[in-house]
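The values are calculated or read from the model by the stated rules, or taken from the named source; none is laboratory data. Note that this is a predicted model, so its numbers are computed, not measured. Positions of Cβ are backbone-derived with ideal geometry, glycine not excepted, and every protein chain shown enters the neighbour counts.
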Amino acid sequence: MSEEKQANPEQVENLEESASQPVEGGAPVEDEVESLKSQLKAAESSAVEYKDSWARSQAEFQNYKKRIERDNEMMYAGMNPDIIKKVLPVLDDLERAMQNRPPEDTWAGGIDLIVRKLQSILEVEGVIRIEAAGTTFDPNFHEAISHEAVDGFESGQVIEVVQNGYRLGDRVIRPAMVRVAK
């Protein structure tokens, strides 16, 4: 370990006197100190500017990531109904086949299983069947294919569902085709 040197009072006085006297170039040390202080202030202001710029860049990058995620979700949500629209006719055909099946055929059990699997996949994706039978006709969810006078039904009430309708969240993928009472 090295010994610590302590300044004696005479050395401190000599330093104070030399600070007020001009140096070799003729400029006093005070001018040099002021110059260094101004450089320090400039460096500190530059550091603050760089820090602000960095913070803005970080915020812009976070906003960019959020925007990309939102765009991807919107693209997925836009593609999903298109794919589902293509699958729904197959589900309709399978449901019709199940309604007209012979009661004792063993293969019908397999088709019934396929229908239930397809319906569960659609449910997982958020596809909801539009309930229409016995409800009041709503043009936002139903498409009327006929108006008929039928006993036991009020005017504007859905008599029968010809083709099921489906929605994904609040968006109608396919309206239900219905017969409506006059």
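Out of all the residues in segment 21-39, is one or more surrounded by 10 or more Cβ atoms within 10 Å (Cβ to Cβ), of a type in the set (Val, Ile, Thr) and modelled with pLDDT of 55 or more?
Yes, because at least one residue in segment 21-39 is surrounded by 10 or more Cβ atoms within 10 Å (Cβ to Cβ), of a type in the set (Val, Ile, Thr) and modelled with pLDDT of 55 or more.
Determine the pairs where a residue that is among the β-branched types (Val, Ile, Thr), located within segment 135-148, has a partner that is surrounded by 14 or more Cβ atoms within 10 Å (Cβ to Cβ) and part of a loop (DSSP other than H, G, I, E, B) with Cβ atoms under 9 Å apart, the partner being 6 or more residues away or on another chain.
Matching pairs, first to second residue: Thr135/Phe141; Thr136/Gly156.
Suppose we filter Arg179, Arg129, Arg167 for residues that are of a type in the set (Lys, Arg) and closer than 16 Å to Pro89 by Cβ; which single one remains?
Working: Arg179 fails: closer than 16 Å to Pro89 by Cβ; Arg167 fails: closer than 16 Å to Pro89 by Cβ.
It is Arg129.
Picking from Glu73, Glu104, which residue would you name as being exposed (fewer than 10 other Cβ atoms within 10 Å of the Cβ) and at pLDDT below 85?
Glu104
Looking only at segment 76-101, count every residue that is surrounded by 11 or more Cβ atoms within 10 Å (Cβ to Cβ) and of a type outside the set (Asp, Glu) and tell me the total.
Looking only at that region, the number is 15.
Within segment 146-182, work out how many residues are among the hydrophobic types (A, V, I, L, M, F, W, C), modelled with pLDDT under 90 and under 19 Å from Lys85 (Cβ atoms).
Residues that pass the stated criteria total 5.
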